Every structure is written in C-alpha cells, then in structure tokens.
Amino acid sequence: MSAYEPTAPTPVAASQTNPILHQDTTESHAHPHQHAQHGHHGLRNRRREALAKIDNAEFGWFHIRACLVAGVGFFTDAYDLFAINLVTPMLGIIYFDGGILPSDIDLGIKVAASIGTFLGQVGFGYLADRLGRKRMYGIELMIIIVATLGQALSGVGRVISLPAALIVWRLFVGVGIGGDYPLSAVITSEFATTNRRGAMMAAVFAMQGFGYLTTGLVAVILLAAFKTSIIADPSNLDYVWRILIGFGCIPALVAVYFRLTIPETPRYVLDIENDVHRAERDVATVFKEDCNGNLVKEDEDGNKKVILSNPEIVKGSFSDFCRYFSKWQNFKVLFGTSMAWFALDVAFYGIGLNNSFILSSIKFSSVQGNAWATNWNAAIGQIIIILLGSVPGYWVTVFTIERLGRIKIQLLGFFMSCVLFCILGFAYDKIRATSTALFIILFALTQFFQNFGPNATTFVIPGEVFPTRYRSTGHGIAAGSGKLGAIIAQVGFSQLKDRGGHNAFLPQLLQIFALFMLMGLLVTFLIPETKGKTLEELSNEADDDFYAG
C-alpha cells in the first residue's frame, strides 16, 4: 500500500500511530511507487524543519511567558518547602513544654515533604512522557493549593494530632512540588531556542531563590504585626505560622490557569503523538509563522480528518527504555545526573531545612525566654543568608550558563562548596569564637556556590540529555535521586546533630557534607556538556536508532 494511499476522512485521535500516512483524497494522486520511495524521507525532513524552527526562533514573548508560568511554580515550591524551617520553632513554643519541638516530630514534618516530592518527581515524570506534558501541567499546582490550605487549617482532634495532620498534608504538598520539577524543566527545554535553553531553564529554577527569600520576608511582616500580642502571650504565634503557610497558595492560584492553557510541546507532538501536521501547526502558531499550507484539515464539526504520521519513529516502551539505557553512553548520563543531584541535596537540604539550628548554634537566633525575639532573629538570619548567597548564586548562573557551560559551573560549585564545608567543619569552634559575622559570610558563600553551581545545573542538564520519549522520565529519576539524598540528610541531621550535646555534632555534619560535595564533583565527569547543542544531538541517538519503528 502506498504511503499516500487515500483513506476515508474520519476523526482520528492525536496519539494514534497508524503505520500508514493518512491523507485526504483531494491531496495528491501521484504514482504510488513514487510516494513509497520518498514519503518517509519527506517526513524526516519535515520533522527536521519543524525542530529547526524551534531551535533557531527569535527570543520572544512566548519564551518569556513560558519562563514566567514555570517560574511562579518554582517560587511556590521553594516557599512551601522552606517556610517549614521557620514554622517548626513556632510549633515547639506553642504546643510543647520547654518550647522545643521533639526531634522525632520535627523530623517527621520536614521529611514528609521530601518523601512526597520523591513520589511526585518519579510519578509525574513518567506520566508526562506517557500522557503528555500539557495534560499533566497544572495538576501539580492544584495538589499544592489544596494541601497548603489543609496545613494552614489543621487542628487538634481525638483521632489525629496536629503534628500528624501536618505530616499528612506535607506529604501531599511534596507530591505536587515533585511533579513541578520534570514538567517545568521539560516544557521549558522543549520550547526553548538552542542558544538560550540553559538560561531559560536556569531562570525558571532561580525563582526558587525568591520563594525562599519571601518566606523570611512574610515571617518578618507577620511577626512585626503580631509583636505586642506575641510578647504578651507566645501562643499567639499560632496566627503567624498559619498565615505564613497559607500565603503559599496565592502564587499557585495565579499560575494554575496559565499552566492549564499552555500548548503541548511540538517535540512531544512530533516524537510521541507522531502527528506531523499538528506539530507544524503548533510551531507556526507559537512562533507566528506561515504554515506553508500544511495545516491539518478539519470537518464541519471541527474534527481532524487526517493525521500525518511516520511509522518509522520508535515508540516508548519498557523494552525500548531498557534497550536505550543498557548502552553505557546513555546509562552513564542517567547515573551521573542522578548521583550529582543526590550528592548535592544531601548538603543542600541538610542545611536549608535546618538554618534555624545552625544560626542558633552561633547564638544568632535564640533569645532565652523571648519567643518573639527568637523567631524574629531566625527570620532575619534566613533573609541575610539568602540575600548574601542564594539569590545572587541563582542569577549569576542565569547570566553565565550559556558562556561558561553547564559542566564548568557544576564543577566549580561542587569544588568551592567542598572547600567551604571543610573550612566550616574543621574550624567550626575557632570561627564561632572569633566572629559571628565571619561564620555567616562563610555559610552564605556555601549557599552562593551551591546555587552558582550544582543546584541549578543538576536541574538544567537532565532536561536536555534524554530523548523526547524519556526526557521527563529521566528528569524525574534524576530529581528523585536528589530527594533520596534530601531524605537521608534530614534523617541523619536529626539523629546526629545532638550527639554529644545540643548541636554538638554540627561540625562533623559539615565535614560529611564536604565529602558529598567531592562525590558530586567526581560523578560530574560522566555528564556531557550540553551548551550550544540541540536536544536531538544530546539524545545520543542516531537516525537509525530513532527511526527504528
């Protein structure tokens, strides 16, 4: 049968991959042998042309909109994840004798979100490849909104305690946050131009810094507003922590509509739905270009009459997944990105979710007998560290990633973080006795080089190095590996920090973090540089492999 044999104009689902090229009877009546000879080659060329339009497009409003829509989600993610760092000390003051949250409850509340994030990253990563990026995008924000409200409204009951309720709700918050990682990374990557892809993805991720900063700013505003009542009765901190948590719904509500209405990425339409007509139309619509008469036709009811598909394109499946990653050149990339993210998150979350402990160990935040001053200092300390380290680190990455490349930034970040953790760990007591300001500066520098380094690049690279049919799955696996590191860090930090006395084991923990930074440095050599290369070049898949269907 000819590749262009006429068929009846019936509606066909976009995901259908018929081994025949369906066309309207009005299109062409050239000799069947000619079409059989040239049809598949023509489809390959049309795919290349559509991809080239995406890769070489001028940077415009659509790219900015995509960054903003994805970035607001990461702002929300960071806010919801790290607000708990300021909330747990308040919970201890309000609900527990001695004003300190028991270590097992503190651990449960903090680690629940990381467990949920792991599940969300792996689950949404797989589903975005299976069902489509567009179909899943926005669902993760809806989960975050509902679970955030659930946290803020949690109370004590006969069946469940407040800490238990918070743990359950934070598990669901984590699932939503986890889903945001592969979806936002892959959607931004697949819409981006080749020479700005890294900067766009890094800018999306950099919104985490502003979310982290906003937790401190909102806490300061609330503490100032409730100062008199808190000094009179520390239990009035109950207002502060609930509003602080609940505020995280606002940016998510702003972004959810725009996520639900973002179009499917043309790469997904081309390589997974296998619909060349629709991909050409979507590219033309997004980048305001002429379709050259290749628009898909519709009947009076708006149903598609035809789908132009290439039967050669290999389909995603478990056996194909195993075939692809059984090759060392592909597996080493998955292993390298996963282990680098794992090593980073051991230190990043071990520190990030326990800033208040570290600040109190240098007498910066805790004021004995003054609940308001203790929480005020914790919020101010967090703001200082973020402004000195995290926010500048994120944005230096954004502005240098296309010049320096991903790998140089990741190597530099891991190396400097290793050195700084060694200094802080081995000279902890001397630095603390010499100058609180010096300790904070060194601590902020570790935050700077984690963010001008692996915290950004471990997010960017997995969104670039895998083929379209496994791009979201691969990113989800790498991100999930990072969250396993975060879980280990939080459990380890909680169990070890008071070994030998209150916060007595902090120097040794900082030394352990330095070791993980060295591990991240070493596995980075398994990862290819992605700067200036198309996603198809980076997939490690020649035409003979991709067109093996």
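The values are calculated or read from the model by the stated rules, or taken from the named source; none is laboratory data. These numbers were taken from a predicted model, which means no experiment stands behind them. No Cβ is skipped: glycine too gets one built from the backbone with ideal geometry, and neighbour counts run over all protein chains shown. The accessibility values were calculated without ligands, DNA or RNA, using every heavy atom of the protein model including side chains. Shrake-Rupley method; radii C 1.70, N 1.55, O 1.52, S 1.80 Å.
Descriptive notes on the structure:
- Here G209 fulfils each of the conditions (1) touching a residue at least 60 places away in the same chain (Cβ under 8 Å); (2) more than 15 Å from the chain's Cα centre (by Cα) apart from (2).
Condition check ((1) buried (at least 22 other Cβ atoms within 10 Å of the Cβ); (2) over 24 Å from G120 (Cβ atoms); (3) not aliphatic (A, V, I, L, M)) across all residues:
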| position | (1), (2), (3) |
| --- | --- |
| F448 | yes, yes, yes |
| S472 | yes, no, yes |
| A478 | yes, no, no |
| V491 | no, no, no |
| Q495 | no, yes, yes |
| F516 | yes, no, yes |
| M519 | no, yes, no |
| P528 | no, yes, yes |
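- Some residue of region 134-143 being part of a helix (DSSP H, G or I) and buried (at least 24 other Cβ atoms within 10 Å of the Cβ): yes
- Counting the residues of region 446-498 that are assigned to a helix (DSSP H, G or I), over 13 Å from the mean Cα position of the chain (by Cα) and farther than 23 Å from Q329 by Cα gives 19.
- Scanning region 54-106 for residues that are open to solvent by less than 30 Å² (accessible area, probe 1.4 Å), in contact with a helix residue (DSSP H, G or I) (Cβ under 6 Å, 6 or more places away or on another chain) and in a loop (DSSP other than H, G, I, E, B) gives A83, L101.
- First in region 492-505 and touching a residue at least 40 places away in the same chain (Cβ under 8 Å) and basic (K, R), second anywhere and open to solvent by 20 Å² or more (accessible area, probe 1.4 Å) and not in a helix (DSSP H, G or I), Cβ under 6 Å, 6 or more apart: K497/F505
- Among the residues making up region 144-172, those that are in a helix (DSSP H, G or I) and of a type in the set (V, I, T) are I144, I145, V146, T148, I167, V168.
- Looking at region 236-291, the helices (runs of 4 or more DSSP H) lying wholly inside it that each contain 3 or more residues that are open to solvent by 10 Å² or more (accessible area, probe 1.4 Å) and among the hydrophobic types (A, V, I, L, M, F, W, C) sit at 249-260.
- With respect to (1) buried (at least 20 other Cβ atoms within 10 Å of the Cβ); (2) in a loop (DSSP other than H, G, I, E, B), the lone exception for G120 is condition (2).
- Annotation for region 175-196: at least one member residue is touching a residue at least 40 places away in the same chain (Cβ under 8 Å), buried (at least 20 other Cβ atoms within 10 Å of the Cβ) and not in a helix (DSSP H, G or I).
- Any hit, region 153-163, residues being over 16 Å from V87 (Cβ atoms), touching a residue at least 40 places away in the same chain (Cβ under 8 Å), open to solvent by 10 Å² or more (accessible area, probe 1.4 Å) and in contact with a helix residue (DSSP H, G or I) (Cβ under 7 Å, 6 or more places away or on another chain): no
Residue by residue, here is whether (1) more than 21 Å from the chain's Cα centre (by Cα); (2) modelled with pLDDT under 95; (3) under 30 Å from T534 (Cα atoms) holds:
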residue: I160; (1), (2), (3): yes, yes, no
residue: A192; (1), (2), (3): no, yes, yes
residue: S235; (1), (2), (3): yes, yes, no
residue: R242; (1), (2), (3): yes, no, no
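- Residue identified as surrounded by 24 or more Cβ atoms within 10 Å (Cβ to Cβ), in contact (Cβ under 8 Å) with a residue 24 or more places away in the chain and not aliphatic (A, V, I, L, M) among F415, F426, F466: F466
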